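Working notes, structure below.
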Amino acid sequence: MGSVRADADDFRTPRPSEDSRDEIARLRREAADLQRALAERSGEAESLRRLHEFSTQMAAVDGLQPLLDEVLGAMVALHGADFGLIQMIDPASGDLVIVARHRLPTGLLPYFDGVDDESSASSRALTRGIRVVIDDVTTDADFAPHRAIAASAGFRTVQSTPLVSYTGETLGVISTQFREPHRFSASVLRITDLYARHAAHLLERHRGEQALGASEARFRRCFDLGLVGMALTSPSKGCLEVNDEMCRILGYSRAELLSKHWPDLTHPEDLAADIAQFAQVLSGAQDGYVIDKRFIRKDGRVVFTTMATNCLRARDGSIDCFVALVLDVSDLMHANEALRRTRDQLVHMGRVAAMGELATSIAHEMNQPLAAVVANGNASRHWLAAMPPNLGEALAAVDRIVADGRRAAQVIARIRAFVRRSDTQRASIDLQEVLRDVAAIVENEARTRGVALHVEVGAWPAPVIGDRVQLQQVVLHLVINAIEAMATTPVERRRLVIRLDRDGPDTMRVSVRDAGLGLPAQDRDRVFEAFYTTKDNGMGMGLAISRSIIEAHEGRLWCAPNDEGGESFCFTLPT
């Protein structure tokens, strides 16, 4: 049997070549890189998982402070930091204010609130709008002013990331601090940016919700304040909301009004005008309107209101809802009515006072036809007693008696119409007839006092709308004043002109022009004041009442001196 001989060299491991060693080194480097990449991906996956948990957790947080605390806690956990704080910009002062902290000593907080230069990390981040990391505060030259505070707090590394909203507005800064020098990986910094961005959006949304809530609260306070009635209505859903004042105005409870339809509450005579305006809004011709309308209260009483309504439209132009403001003006209407009655009473008293001043003239004017009646009656008896009776002369005398009786009746009718107390009656009036009626009333008085009275009418007189008796009263008072103003004027110069003329395309003017002494300049404005008079026995009410009458007719009453002496009192009325 043969023997087998083995050389020891046959069992040695082959020595790798130079190329093999390079390949092994490359594979080892790739394996290390892959292991690091896997670790980073694993870390990022863990961070993303934590970000998802963070988002879910934040969505359930109620209240700003709990939200700030949760955001800061999540960031501290992400970094493995020892300290942390969130500083928000105060809208009023613009300063950074600490709103949340983690483990920072309470005694140092005022210092961090007071830092507003670029030497600190948070101020740099706020000013530059980017994250700032100071690896070691003991060697950072810019941080030198704060090293003592950092040493007191016990941190060496600090990072500050700005919180930026969707619109690019910087809301504040979130910072973390470390006791020992710390290096951040690129992966952690990317996740930090996601955390900060998400936190900023949550804070912005919460701030918006707070502002919306405050706005809604302010609206609710204004809505319920009760100065005017307010209602929100929808074209499809009816009445949505009413305030207490609206309930008071209409006499219904809130629940009752929410089940009502506005046409059922509107006075029938005002419904057509309201519906016409409402149709204009529905067609898009206008967004709102203001209207005077009457409502029917629950107890059946009529309420006078001024209502302003406007619509809020959706993006597509459709009407989302109506906002109606209703002001109860019933008290004002009643007060105006009482004022009108009082003014009418004053006007009536003024007419009676004016007729008192004309009592002598009236007696004289009545005596003339009465004396003529007596004379013609005696003449009739004489002609009938003759033999033979003179029937022709007797009949003529009787005709004169009838004419004088009619004349006396006309005088009495004019006086009764003027003195009679009645409600204001507005109608189309020919001012020429008004002036002639007044001239007829004062004719004898003017003749007795030696005053030449003239009525002049310009071209194209137009009718006006007003109360005939009240306008007669104004003209009569001005004419009486003018006659009295010429008491000391030489007889040959006592001329009184009542003139009617146009004062523009839509205005008529009446002027009463005398040749008296005129008014002192200081009295020219005061003569229209109540109880101010230039007469020894005057009441000072005539001109005040006259001005109130003219102004109630939408006109103007004034006086001015004449060039040749005397005064002119004028008033205008719209045609």
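Dipole check for region 436-497: with +1 at the C-beta of Lys and Arg, -1 at the C-beta of Asp and Glu, and the Cα centre as origin, the magnitude is about 160 Debye. Placing a label point 7 Å from the Cα of ALA338 along the Cα-to-Cβ direction, the residues of region 298-312 with a backbone N closer than 17 Å are 304.
How high is the relative contact order of region 120-243? Use alpha-carbon pairs under 8 Å, at least six apart in sequence, and give a whole percent.
On the way: 154 pairs, mean separation 22.8, N = 124.
Result for region 120-243 is 18 percent.
The alpha carbon centroids of region 473-494 and region 126-143 are separated by 99 Å. Placing R0 at 60 angstrom, the Cβ-Cβ distance between LEU232 and THR507 gives a FRET efficiency of 0.85 after rounding to 0.05. Computed over protein heavy atoms with a 1.4 angstrom probe, the accessible surface ordering of SER93, SER165, largest first, is SER93, SER165.
In loop segments of region 101-210 as defined by DSSP, the trypsin sites (Lys or Arg not before Pro) with at most 16 further C-beta atoms inside 10 Å of their C-beta are ARG103, ARG179, ARG183. Rounded to the nearest 10 square angstrom, LEU557 shows an accessible area of 10 square angstrom against a 1.4 Å probe.
Full extension of the segment from ASP264 to ALA31, taken as 0.36 nm per residue of separation minus the current Cα-Cα distance, would add 75.3 nm.
For GLU169 and ARG426, a Förster radius of 51 Å and the Cβ-Cβ distance give a FRET efficiency of 0.20, rounded to the nearest 0.05. With a point put 7 Å past each Cα toward its Cβ, work out how far ARG103 is from ASN562 in nm, to one decimal. About 10.7 nm separates the two model spin labels.
With the simple model of a label 7 Å out from the Cα in the direction of the Cβ, ASP90 to VAL398 spans 11.1 nm.
Got a sec? What order do ASP140, ASP244 fall in by accessible area at 1.4 Å, biggest, i.e. largest, first?
Output order, biggest surface exposure first: ASP244, ASP140.
Exposure check, 1.4 Å probe, all protein chains in place: TYR289 carries approximately 20 Å² of accessible surface. TRP558 contributes about 50 Å² of solvent-accessible surface, heavy atoms of the protein only, 1.4 Å probe. Against the criterion of solvent-accessible heavy-atom surface with a 1.4 angstrom probe, LYS298, LYS237, LYS293 sort, most first, into LYS237, LYS298, LYS293. As an exercise, use a Förster radius of 60 Å and the Cβ-Cβ distance of VAL329 and TYR111 to find the FRET efficiency, rounded to the nearest 0.05. My answer for the efficiency is 0.45.
In region 77-202, the portion of solvent-accessible area held by carbon and sulfur atoms comes to 52 percent [1.4 Å probe, whole percent, DNA, RNA and ligands not counted].
The values are calculated or read from the model by the stated rules, or taken from the named source; none is laboratory data. Everything quoted here is computed from the prediction, not taken from an experiment. Here Cβ is always computed from backbone atoms with ideal geometry, including for glycine, and neighbour counts include all displayed protein chains. The protein model used for the area step is the full one, side chains on, heavy atoms only, and it has no ligands, DNA or RNA in it. Shrake-Rupley method; radii C 1.70, N 1.55, O 1.52, S 1.80 Å.
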